[in-house]
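A quick write-up on the structure given underneath.
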There are 2 protein chains.
Amino acid sequence: MRVSQAFLPVLKESPSDAQIVSHKLMLRAGLVRQTAAGIYAWLPLGYRVLRKIEQIVREEQDRAGAIEMLMPTVQSAELWRESGRYDAYGPEMLRIRDRHDREMLYGPTNEEMLTALFRDDVRSYRDLPRTLYHIQWKFRDEVRPRFGVMRGREFLMKDAYSFDLDEAGARQSYYTQLLAYLRTFQRLGIRAVPMKAASGPIGGDLSHEFIVLAPTGESEVFYDAAFEEFDWSQSGLSYGDADGLQRLFDEVSSTYSATDETHDEARWNDVAEDRRRTGRGIEVGHIFYFGDKYSTAMGLKVSGPDGSNVTPMMGSYGIGVSRLVGAIIEASHDEHGIIWPEEVAPWKVGLVTMRADDAPSSAAADDLYSKLTAGGVETLYDDRDERGGVKLGSMDLIGLPWQLVVGPRGIASGTVELKRRATGQKEELSLEAALSRLTS
Amino acid sequence: MRVSQAFLPVLKESPSDAQIVSHKLMLRAGLVRQTAAGIYAWLPLGYRVLRKIEQIVREEQDRAGAIEMLMPTVQSAELWRESGRYDAYGPEMLRIRDRHDREMLYGPTNEEMLTALFRDDVRSYRDLPRTLYHIQWKFRDEVRPRFGVMRGREFLMKDAYSFDLDEAGARQSYYTQLLAYLRTFQRLGIRAVPMKAASGPIGGDLSHEFIVLAPTGESEVFYDAAFEEFDWSQSGLSYGDADGLQRLFDEVSSTYSATDETHDEARWNDVAEDRRRTGRGIEVGHIFYFGDKYSTAMGLKVSGPDGSNVTPMMGSYGIGVSRLVGAIIEASHDEHGIIWPEEVAPWKVGLVTMRADDAPSSAAADDLYSKLTAGGVETLYDDRDERGGVKLGSMDLIGLPWQLVVGPRGIASGTVELKRRATGQKEELSLEAALSRLTS
């Protein structure tokens, strides 16, 4: 994309109403704009990142055997009365009356709806187990929305729901999502540590939250260095391998990790001192096993192999997709701006001409842009007639992994400058060498 | 995907509350389920189709130079007061009060929001022209929702908005979207005829609606056979070619097409009798040029080349993405079920074993499934231990373009049956020949 034809508004000043770094950077770099308290429009730059995260979450859910569908944002109050949550849920639920004065709500989660869909369409034990998920906008009417998309009101979430015939099966579904989550966050380029958690208003007795480490995190965390060493993608563990998943769960459970709420000094002291890690963290995912809580309340039954009724055991599994954009920035930035992990970067390369009015530079940059694009390298080309320093500053702010800088002096001697955003390391290269580096 | 692991509930009976064929088939084939009046959950089968349509719409918008972003579903009433539409809009607008008693609404469209975003971030004529779009859920609180997703309340729409410095530029943006629409509908495998339209509550004096021809359509249409012959994808017309776009517009404008509302008997009589086509149609898109209606009302100005203020001229461009699922079915079905155009089919091939308990058949089908999947052919494999006739009936209902049927007798002689859903034509082929036909 050429910046001269894009919609990439960048702010020079840090907005005064933003308190945390991700919120400031998302406004300054033009990822989002607030359109009402806690509600954001995703400008093209932010939307590209959001879609990349969404796609990685989707691929890892699919790989784990979860089936995608899409439930609507507006739900009927009736449905929530069946589970008893309509009255139990606080003012965070956005309640709506339609033109016929029917009570509706903007869904904050979908346990009730999917349980009802399952109840209407599934009759037999042969149709279980199943895990279904969707990636949809939710609403939580926070009393004081803040921190940008980190605690907004309208937010994008992946939520999955598992249905099994018994607890043993349900635990397998839970372990499957546990592994999918570890792999998802690793692919996103961030380290997320699973922590045993209280399950809160969702109910149930088995729950983990996933915490991204970032200095500005909302809660204090304690964990064993082992969590920095695990490589979940390379474990070779298959989703159908029940014993392997049990071992994974046991390993995660026996390796220390806790938030300040669940921290246990006695167990912490058992961790070798040089392996103790502390820091701050941001919750980006939460998984729950809650057994028959919704299936019993809502009368979901299937016929078992012997003809008798079986009440499915359920779990639910959330990832805060829009929140992740903020969390990744909290975990990966410097004083100049954002540093995107390559997998979620809006573009891989930022191509900059230092002097757009210098014909040889422009011609060389146009050519590089064509070749990068033809080679499938996502490239943002700042072709504007604007001061080089301003353009470089914008590129640092936007945080693409690579900057390819074309200036009159370099071009005269056949070279360009390639900069790695994360390290700041710069290298003079021939045009061919730069191209081959970026397309390989 | 294996049916034994999928979530594909099929109904034997036609639901009594569905009046039109697309609604009946979407319920029977398990594309959607109603979760509240006019609000639908998209089951996995329906969601696959919805995503394919969405992706084609996206690719054609991108190709036309429109830039994707995403605006939220919930908007503030304040924004709509600026344009004067908050009070003008009828009870179709879903009005919401949040916990602080602030007036909000579930957006039915986004002219106000994008005008405001543009006003905050765009200062100079150099940042125009721009066309931005998003694909997002909207809500229209229909007094009597019906016809399934064709007149639902929560619906998915692509809406684009163009900003230009003057009317000539704005007309170019309009023509660009006109061409993008013609190409989009053609790629979707349906014929959509553009018709000059009244612009209604959006305002402005240049507007077209796009009507898909289907016997069950909501309005009567009249058009010149030329609209059945144009090939918009092959025209070679480039989006930057101002003269070419003007000629396209002139050609579309001078070729007769009208709904019963705009029908002109005198002009109709000028169409050669053997070229007159009449039928019924469903609106799937609508484009509007409305000049400075919103930019003036909301104070959007940019500085022009000479430093004076310029009020941008705007247009907006909608496609009913979720409605298209119903419209395509209305246009393409028979008494056995849906007939998907290949580009939007949820899977390309339905692989069926006539007797899953016959070991050689199952082994052959498993092998075909692996090979098709490895060859990138999207395949739904009905591997259930269910009567062959039932499985074939489901495949006809679901409407995948190809059915590959594996039975004990055929396998004994090394053949399978390949059926084209659209024509019903069947062919006995060797396994290799069938594979090569489907992967080529």
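The values are calculated or read from the model by the stated rules, or taken from the named source; none is laboratory data. Given the structure is predicted, the values throughout are model-derived calculations rather than measurements. A quick note on method: Cβ atoms are made from the backbone with ideal geometry, for glycine too, and the neighbour counts reach across all protein chains shown.
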Qualifying residue in the stretch A:317-326 (condition: farther than 30 Å from A:A168 by Cα, out of contact with any Lys or Arg (no Cβ under 8 Å at 6 or more places or on another chain), outside the structural domain of A:D166 (by TED's automatic domain parsing) and touching a residue at least 60 places away in the same chain (Cβ under 8 Å)): no
Qualifying residue in the stretch A:203-210 (condition: under 21 Å from the mean Cα position of the chain (by Cα) and over 30 Å from A:I338 (Cα atoms)): yes
Meets criteria (more than 9 Å from chain B (Cβ to nearest Cβ), closer than 15 Å to B:G38 by Cα and of a type in the set (D, E, K, R)) for A:E82: no
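For residues that are of a type in the set (A, V, I, L, M, F, W, C), part of a loop (DSSP other than H, G, I, E, B) and touching an Asp or Glu at 6+ places or on another chain (Cβ under 9 Å), scanning just the stretch B:19-47, find the one that is surrounded by the most Cβ atoms within 10 Å (Cβ to Cβ). Can you show your working first?
Step one: of the stretch B:19-47, the residues of a type in the set (A, V, I, L, M, F, W, C) are B:20-21, B:25-27, B:29, B:31-32, B:36-37, B:39, B:41-43, B:45.
Checking the rest, the ones that are also part of a loop (DSSP other than H, G, I, E, B) come to B:20, B:29, B:31, B:37, B:43.
Now narrow it down to the ones that are touching an Asp or Glu at 6+ places or on another chain (Cβ under 9 Å): B:20, B:37, B:43.
Values: B:I20: 20, B:A37: 17, B:L43: 25.
Within the stretch B:19-47, the match that is surrounded by the most Cβ atoms within 10 Å (Cβ to Cβ) is B:L43.
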Hits in the stretch A:56-76 (condition: of a type outside the set (D, E, K, R) and within 11 Å of chain B (Cβ to nearest Cβ)): A:G65, A:A66, A:I67, A:M69, A:L70, A:M71, A:P72, A:T73, A:V74, A:Q75, A:S76
Residue selected from the stretch A:99-113 under the condition within 8 Å of another protein chain (Cβ to nearest Cβ) and surrounded by 22 or more Cβ atoms within 10 Å (Cβ to Cβ), by the criterion nearest to the chain's Cα centre (by Cα): A:Y106
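Is it the case that the stretch B:7-18 has a residue that's outside any loop (DSSP other than H, G, I, E, B) and surrounded by fewer than 20 Cβ atoms within 10 Å (Cβ to Cβ)? Spell out the reasoning first.
Just the residues of the stretch B:7-18 that are outside any loop (DSSP other than H, G, I, E, B), to begin with: none.
Scanning the stretch B:7-18, I find no residue that is outside any loop (DSSP other than H, G, I, E, B) and surrounded by fewer than 20 Cβ atoms within 10 Å (Cβ to Cβ), so the answer is no.
For the stretch A:123-131, indicate whether the set of residues that are touching a His at 6+ places or on another chain (Cβ under 6 Å) and facing another protein chain (nearest Cβ under 9 Å) is non-empty.
First, pick out the residues of the stretch A:123-131 that are touching a His at 6+ places or on another chain (Cβ under 6 Å): none.
No, the conditions are met nowhere in the stretch A:123-131.
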Sole exception among (1) closer than 29 Å to B:K52 by Cα; (2) at pLDDT below 95; (3) not charged (D, E, K, R) for B:A356, by number: (1)
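Only one of A:R275, A:R247 is at pLDDT 95 or above and within 22 Å of A:Q186 (Cα to Cα); which?
Numbers: A:R247 fails: at pLDDT 95 or above.
Unique residue meeting the criteria: A:R275.
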Of the criteria (1) more than 8 Å from chain B (Cβ to nearest Cβ); (2) of a type in the set (A, V, I, L, M); (3) closer than 18 Å to B:I135 by Cβ; (4) in contact with a Phe, Trp or Tyr (Cβ under 9 Å, 6 or more places away or on another chain), which one A:I53 fails: (4)
Of all residues in the stretch A:127-140 being in contact with a Leu (Cβ under 7 Å, 6 or more places away or on another chain) and crowded, with 22+ Cβ neighbours inside 10 Å, the one that is farthest from A:P108 (Cα to Cα): A:L132
Among residues of the stretch B:345-373, those that are of a type in the set (D, E) and in contact with a helix residue (DSSP H, G or I) (Cβ under 7 Å, 6 or more places away or on another chain), counted: 1
Residue in the stretch A:260-280 that is within 27 Å of A:I135 (Cα to Cα) and touching a residue at least 60 places away in the same chain (Cβ under 8 Å) present: no
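Any residue that is away from chain B (no Cβ under 14 Å), within 18 Å of A:I287 (Cβ to Cβ) and touching a His at 6+ places or on another chain (Cβ under 7 Å) - is there at least one of those in the stretch A:185-195?
Narrowing the stretch A:185-195 to residues away from chain B (no Cβ under 14 Å): A:185-195.
Pick out the ones that are also within 18 Å of A:I287 (Cβ to Cβ) and you get A:185-188, A:190-195.
Checking which are touching a His at 6+ places or on another chain (Cβ under 7 Å) leaves us with A:194-195.
Yes; the residues of the stretch A:185-195 include at least one that is away from chain B (no Cβ under 14 Å), within 18 Å of A:I287 (Cβ to Cβ) and touching a His at 6+ places or on another chain (Cβ under 7 Å).
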Every residue from the stretch A:80-102 that is within 17 Å of B:I96 (Cα to Cα) and either hydrophobic (A, V, I, L, M, F, W, C) or not assigned by TED's automatic domain parsing to the domain that holds A:E112 (or both): A:M93, A:L94, A:I96
Pairs where the first residue, in the stretch A:138-155, is assigned by TED's automatic domain parsing to the domain that holds A:V325 and the second is in a loop (DSSP other than H, G, I, E, B) and hydrophobic (A, V, I, L, M, F, W, C), C-beta under 6 Å, 6+ apart: A:P145/A:A37; A:F147/A:I20
In the stretch A:48-96, residue surrounded by the fewest Cβ atoms within 10 Å (Cβ to Cβ) [restricted to those that are in contact with a His (Cβ under 7 Å, 6 or more places away or on another chain) and outside any loop (DSSP other than H, G, I, E, B)]: A:E68
A:V252 vs. criteria closer than 30 Å to A:L128 by Cα, aliphatic (A, V, I, L, M), in contact (Cβ under 8 Å) with a residue 12 or more places away in the chain and not in a helix (DSSP H, G or I): no
Residue check, A:Y317 closer than 26 Å to A:Q186 by Cα, at pLDDT 95 or above and surrounded by 14 or more Cβ atoms within 10 Å (Cβ to Cβ): yes
Where a residue in the stretch B:287-314 is closer than 22 Å to B:D159 by Cα and free of Cβ contacts under 8 Å to residues at least 40 places away in the same chain and its partner, wherever it lies, is surrounded by 16 or more Cβ atoms within 10 Å (Cβ to Cβ) and of a type in the set (G, A, S), with Cβ under 6 Å and at least six apart: B:T311/B:S295
Residue within the stretch B:222-231 that is touching a residue at least 40 places away in the same chain (Cβ under 8 Å), closer than 24 Å to B:R63 by Cβ, surrounded by 19 or more Cβ atoms within 10 Å (Cβ to Cβ) and not aliphatic (A, V, I, L, M) present: yes
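Looking only at the stretch B:28-38, decide whether some residue is more than 9 Å from every other protein chain (Cβ to nearest Cβ) and within 17 Å of the chain's Cα centre (by Cα).
Within the stretch B:28-38, one or more residues are more than 9 Å from every other protein chain (Cβ to nearest Cβ) and within 17 Å of the chain's Cα centre (by Cα).
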